[in-house]
Amino acid sequence: MTIALYAPEDLSDKKTDGKPPFLVDVRTPAEFESIRIEGSRNLPLDQLRRNPKKLAEQLPAETVLICHSGARSREAAETLGAAGSQHTSVLAGGIIGYQNCGGEALRDEQRWAMERQVRMVAGTLVVGGLIGAKLIHPRLAYVSAGVGSGLIFAAATNTCAMARALSLLPWNRTCENPTVETFLQNIPDVTTV
């Protein structure tokens with residue numbers, strides 16, 4: 001499946017002209033709360049996967065999916081495409097790309113991005129496994145090997161089980177965790193877009 005990319009420069013221009021596309025941020029609520037593009041709406045990828053067909057039917061004609069760097073929004077586009085959506089695109093480079101081209105992002109309470117959390121946990125497990133193998137028992141080196149294998153699998157499949165697990169932790173949740181139902185209530189009428 002070919003995924004349409006939306007240039008960050010075009011988004012900056014359209015926001016200035018007053019006719020921006022419908023923006024869907026697929027990161028966790030905590031990441032969205034930390035930094036987001038003005039006018040975007042949050043629907044985490046795990047929620048999007050729960051009812052992609054209904055979303056595909058109700059999304060406005062020009063919908064742009066957003067995440068930190070583009071990986072999760074591509075996954076969301078593939079999910080929506082498989083459910084029948086033909087009018088979604090992915091913001092090339094994600095929020096990072098948008099900021100690099102001069103786009104302004106809104107910032108609130110700062111939290112670590114999910115990718116950074118994954119790197120910290122993976123690194124800690126690898127180093128812990130190696131130190132444990134040296135000081136406690138040699139078999140603890142298997143912890144490091146397991147994490148390394150998991151990282152290789154994550155890269156090969158462009159998925160990350162560790163990120164999914166980390167997204168369930170309390171600091172990655174907010175009081176308002178959007179669901180498909182609450183998200184759909186806030187979608188503008190497709191006929192007016």
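The values are calculated or read from the model by the stated rules, or taken from the named source; none is laboratory data. From a predicted model like this one, the values you see are computed outputs, not experimental measurements. A quick note on method: Cβ atoms are made from the backbone with ideal geometry, for glycine too, and the neighbour counts reach across all protein chains shown.
Starting from residues that are in a helix (DSSP H, G or I) and either of a type in the set (D, E, K, R) or touching a Gly at 6+ places or on another chain (Cβ under 6 Å) (or both), keep the ones in the stretch 97-119 and report whichever is surrounded by the fewest Cβ atoms within 10 Å (Cβ to Cβ).
Here the answer is ARG116.
Just need a number here: residues in the stretch 21-62 that are basic (Lys, Arg) and more than 17 Å from the chain's Cα centre (by Cα).
2
Do you know which residues across the stretch 120-173 are outside any helix (DSSP H, G or I), modelled with pLDDT under 85 and surrounded by fewer than 16 Cβ atoms within 10 Å (Cβ to Cβ)?
ASN158, THR159, LEU168, LEU169, ARG173
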